[in-house]
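The values are calculated or read from the model by the stated rules, or taken from the named source; none is laboratory data. No experiment lies behind these values; they were computed from the predicted model shown. Cβ sites come from the backbone with ideal geometry, for glycine too, and all protein chains shown count toward neighbours. Please note that ligands, DNA and RNA were not included when accessible areas were found on the heavy atoms of the full protein model with its side chains. Shrake-Rupley method; radii C 1.70, N 1.55, O 1.52, S 1.80 Å.
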Amino acid sequence: MEKEIRALKARKNAVVMAHNYQSMEIQALADVVGDSLELAVKAKETGADLIVVCGVRFMAETAKILNPGRKVIIPVEDAGCPLADFLTPDLIREAKALYPDAAVVVYVNSTAESKALADITCTSANAVGVVRSLPQDTILFGPDANLAAYVQREIPEKTIVPVPPGGHCYVHMGFTLADVKAAKKSGSMVVCHPECPPEVQEQADLIASTGGMVRSAATGRDEPWSVFTEREMVSRLRVLYPGRVFYEKPEAVCADMKKISLADLRQALESEEHEVVLSPEVMDRARRAIERMIAVGA
Ligand code: 13P
Ligand code: SF4
């Protein structure tokens, strides 16, 4: 299977992009592995004819928006992100009517239609920098209310309004204060994703995007890490840093990220099925918001 996938990639001049939560066998065959921001930046730079995104739909949509002239496919059509589904264009319009002077910041975990209504997008790696870069004092921020709370704590001088108020990722909502207590009792550092609940974030030793976790783990401190995000992240950290100790939470599984198998990847490369198709108008508007984010470079 691996050989066939490599041969298909070469024959079709295809690039395979995988998120940090993909299975390790998919990551091993990918040309790019990273967090949402890293995948977006690399998608912009690729010269491949075919882009296969092993992640969830919003990641494939972002790659398509940044490469309107290239074919972008997702191996499993219904690999979605329940967090992205919390935000609709109507909710953004309603919030804008209430706060006409506010800026609209849309987390990349969102649909293309929602991004098209954003002034700028952000990822968990750059949310604070993106919000700081804006002149407005009031920021409509969606769909993740926990990431919004994190930004609010970091930038108390602005008002961050979560849209909708309760948008969340079920995987990260599963982390509790009891997990923090158990981790600290075991002597490990608590490293959490900003999608975790605010009370968990407040007790954490480090809050980082998945890419931020990869970078911080390289800095050489020796204590064990309890990693509060999707458990595949820990598999990746163990491969990258074999001398270090990382603990995962076995229940922290993103079901949609796990939908793509090696067989699906091979089939996708062969058939080129499940192409991402978006309206040119939505893509043009969403691209402005994504490129503005990339230009902030935070
Ligand atoms: P990252 O951008 O940190 O990889 O997060 C994406 C995501 O879906 C987190 O659940
Ligand atoms: Fe969406 Fe949560 Fe899965 Fe990330 S972990 S893709 S936010 S459902």
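List the number of the failed condition for Met59; all other conditions in (1) in contact (Cβ under 8 Å) with a residue 24 or more places away in the chain; (2) away from ligand 1 (no atom under 12 Å from the Cβ) hold.
Every listed condition holds for Met59 apart from (2).
Out of the stretch 97-116, which residues are part of a helix (DSSP H, G or I) and free of Cβ contacts under 8 Å to residues at least 60 places away in the same chain? Before the answer, list the steps.
First pass over the stretch 97-116, keeping only residues part of a helix (DSSP H, G or I): 97-98, 112-115.
Correct list: Ala97, Leu98, Ser114.
Please verify whether Ser110 is buried (at least 22 other Cβ atoms within 10 Å of the Cβ), more than 15 Å from the chain's Cα centre (by Cα) and within 15 Å of Ile65 (Cβ to Cβ), treating the condition exactly as stated.
No: the conditions fail for Ser110.
I need every pair where a residue in the stretch 117-132 that is closer than 8 Å to Val296 by Cβ and open to solvent by less than 20 Å² (accessible area, probe 1.4 Å) has its Cβ under 8 Å from the Cβ of a residue that is part of a loop (DSSP other than H, G, I, E, B) and modelled with pLDDT of 95 or more, sequence separation at least 6 or different chains.
Ile120/Ser133; Ile120/Leu134
(1) touching a strand residue (DSSP E or B) at 6+ places or on another chain (Cβ under 6 Å); (2) of a type outside the set (D, E, K, R); (3) farther than 23 Å from Glu230 by Cα: which one isn't true of Gln27, the others all being true?
Of the numbered conditions (1) touching a strand residue (DSSP E or B) at 6+ places or on another chain (Cβ under 6 Å); (2) of a type outside the set (D, E, K, R); (3) farther than 23 Å from Glu230 by Cα, the odd one out for Gln27 is (3).
Output the residue which, of all residues in the stretch 253-284 that are among the hydroxyl-bearing types (Ser, Thr, Tyr) and not in a helix (DSSP H, G or I), is farthest from ligand 1 (Cβ to nearest atom). Show your work before the answer.
Going through the stretch 253-284, the residues among the hydroxyl-bearing types (Ser, Thr, Tyr) turn out to be 261, 271, 279.
Still in the running and not in a helix (DSSP H, G or I): 261, 279.
Details: Ser261: 19, Ser279: 24 Å.
Only one residue tops the list, namely Ser279.
Spot the failing condition for Lys71; the list is (1) away from ligand 2 (no atom under 15 Å from the Cβ); (2) in contact with a helix residue (DSSP H, G or I) (Cβ under 7 Å, 6 or more places away or on another chain); (3) in contact (Cβ under 8 Å) with a residue 60 or more places away in the chain, and only one is missed.
Checking Lys71 against (1) away from ligand 2 (no atom under 15 Å from the Cβ); (2) in contact with a helix residue (DSSP H, G or I) (Cβ under 7 Å, 6 or more places away or on another chain); (3) in contact (Cβ under 8 Å) with a residue 60 or more places away in the chain, the one that fails is (2).
May I ask you to list the residues in the stretch 228-274 that are without any contact (Cβ under 8 Å) to a residue 60 or more places away in the chain, of a type in the set (Gly, Ala, Ser) and away from ligand 2 (no atom under 16 Å from the Cβ)?
Gly243, Ser271
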